[in-house]
Amino acid sequence: MKIGVILHPGTGATSKVRWALWAGLFALNAVVGFGGTAPKPDPYLFVYFVGQGQDGLHLAWSADGDHWRALNGGRACLPPEIGGDRLMRDPCVAQGPDGVYHLVWTTGWWDREIGTASTRDFLKWTPERAIPVMAKEAKARNCWAPEAYWDATRSRFLIYWATTIPGRFPATDGSSEHGLNHRIYCTTTKDWVHFAPTRLFSDPGFSVIDATMIEDEKGIFHMIAKDETVHPVVKRLRMATAADPEGPWTTFQAPFTRAWVEGPTAIRVGDDTVVYYDEYREKRYGAVRSRDLVHWQDITAQISVPAGARHGTMIRVPWSVVDRLQAALPGPAAK
């Protein structure tokens, strides 16, 4: 958009009118840029896995938050090198103030550790490392779906995941498959070398996995997680809120999705919050959106996600990141 003329306010009887017009035009130019156009909103990057996570990290990108294109021709971009099962499931990435992106993931079905590696561009990565977050819990059965969140107030990362410790929450024993009865645990770190002792992060009173967080425009934090109860079947997403990313959290609200979904990730698209999730029985992605985080609309029919994509995380990144990835890891040709 271009502004064809800028009036000097001048003096005289009409000076107030001219000042008002000049100020308005100046403000409009400040928004769109003198003689230029409004900048494009930053795109989104999607980190995910396919199959059981054997081949590693997959990447896709979107300009509008609805339509996603796989990078690297749909092939994995980072192979798993650690863990009992050598898997890279449930990837999540968070950026720190230094511009570095930190990736965490599930390394195996029955590990007491999670994986991590870092990058600035999603092309060059640091060596993969295991963080033994549940090493001091000898009975811990797993560490599933870790997420990382940069806590700017405390200048540290919050890392959280789901674990079953048999007998720890007897009231809900037997409510999930295979004797699992998860709660969300967490640790924190400033440098990804030293980690605070693991502690309980959320006990919502039911078996819970796949927690993720998003902050709204009012500074309220929303935790979205899967109620893993199967006796009777729930298997839906529920949400709690807090004024602080470390809680305390309110009671989880009633489910807001259909059953048999998992792996939520939430992004802001315009004025809406969009929650994507893995419809793992149908082997596809679904999504809902909301303006107020109370009333939800199913938008599964209007999204497109790479075939085979499973539980991942979507984040905003600069165009420079996507442009470089497209050049280095081109995807399929546009139709």
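Checking VAL261, VAL234 one by one, the residue that is in contact with a Phe, Trp or Tyr (Cβ under 6 Å, 6 or more places away or on another chain), farther than 26 Å from THR198 by Cα and in the same structural domain as ASP173 (by TED's automatic domain parsing) is VAL261 and no other. The residues in the stretch 273-294 that are surrounded by fewer than 16 Cβ atoms within 10 Å (Cβ to Cβ) and more than 16 Å from ARG258 (Cβ to Cβ) can be counted, and the count is 3. Take the conditions (1) within 14 Å of ASN142 (Cβ to Cβ); (2) assigned to a strand (DSSP E or B); (3) out of contact with any Leu (no Cβ under 7 Å at 6 or more places or on another chain); ARG168 misses just one of them, which is (2).
Got a number for residues in the stretch 143-183 being closer than 18 Å to GLY115 by Cα, in contact with a Pro (Cβ under 8 Å, 6 or more places away or on another chain) and of a type in the set (A, V, I, L, M, F, W, C)? Residues meeting the conditions: 4.
Of the residues CYS143, CYS77, the single one that is crowded, with 21+ Cβ neighbours inside 10 Å and either of a type in the set (A, V, I, L, M) or assigned by TED's automatic domain parsing to the domain that holds ARG324 (or both) is CYS143.
Quick one: count up the residues across the stretch 150-168 that are hydroxyl-bearing (Ser, Thr, Tyr), over 16 Å from ALA196 (Cα atoms) and surrounded by 15 or more Cβ atoms within 10 Å (Cβ to Cβ). Result for the stretch 150-168: 2. Taking the stretch 177-274 as the region of interest, the strands (runs of 3 or more DSSP E) fully inside it that hold 3 or more residues being closer than 23 Å to VAL47 by Cα are 182-189, 208-215, 221-227, 236-242, 262-269. Remark: pairs (first residue in the stretch 218-233, surrounded by fewer than 13 Cβ atoms within 10 Å (Cβ to Cβ); second residue at pLDDT below 95 and in a loop (DSSP other than H, G, I, E, B); Cβ separation under 6 Å; 6+ apart in sequence or on different chains) = HIS231/SER175.
Conditions (1) surrounded by fewer than 21 Cβ atoms within 10 Å (Cβ to Cβ); (2) within 20 Å of the chain's Cα centre (by Cα); (3) touching a residue at least 40 places away in the same chain (Cβ under 8 Å), marked per residue:
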{"site": "ALA148", "(1), (2), (3)": "no, yes, yes"}
{"site": "ALA171", "(1), (2), (3)": "yes, no, no"}
{"site": "GLY174", "(1), (2), (3)": "yes, no, yes"}
{"site": "ASN181", "(1), (2), (3)": "no, no, no"}
{"site": "ILE184", "(1), (2), (3)": "no, yes, yes"}
{"site": "VAL208", "(1), (2), (3)": "no, yes, yes"}
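Taking the conditions (1) closer than 24 Å to PRO264 by Cα; (2) out of contact with any strand residue (DSSP E or B) (no Cβ under 7 Å at 6 or more places or on another chain) in turn, VAL322 satisfies each one other than (2).
Checking the structure you have, find out if any residue of the stretch 86-102 is outside any loop (DSSP other than H, G, I, E, B), among the basic types (Lys, Arg) and either crowded, with 21+ Cβ neighbours inside 10 Å or free of Cβ contacts under 8 Å to residues at least 40 places away in the same chain (or both). Yes, the stretch 86-102 contains a residue that is outside any loop (DSSP other than H, G, I, E, B), among the basic types (Lys, Arg) and either crowded, with 21+ Cβ neighbours inside 10 Å or free of Cβ contacts under 8 Å to residues at least 40 places away in the same chain (or both).
The values are calculated or read from the model by the stated rules, or taken from the named source; none is laboratory data. The model shown is predicted, which means the values in this text are computed figures rather than measured ones. So basically every Cβ, Gly included, is an ideal-geometry build from the backbone, and we count neighbours across all protein chains shown.
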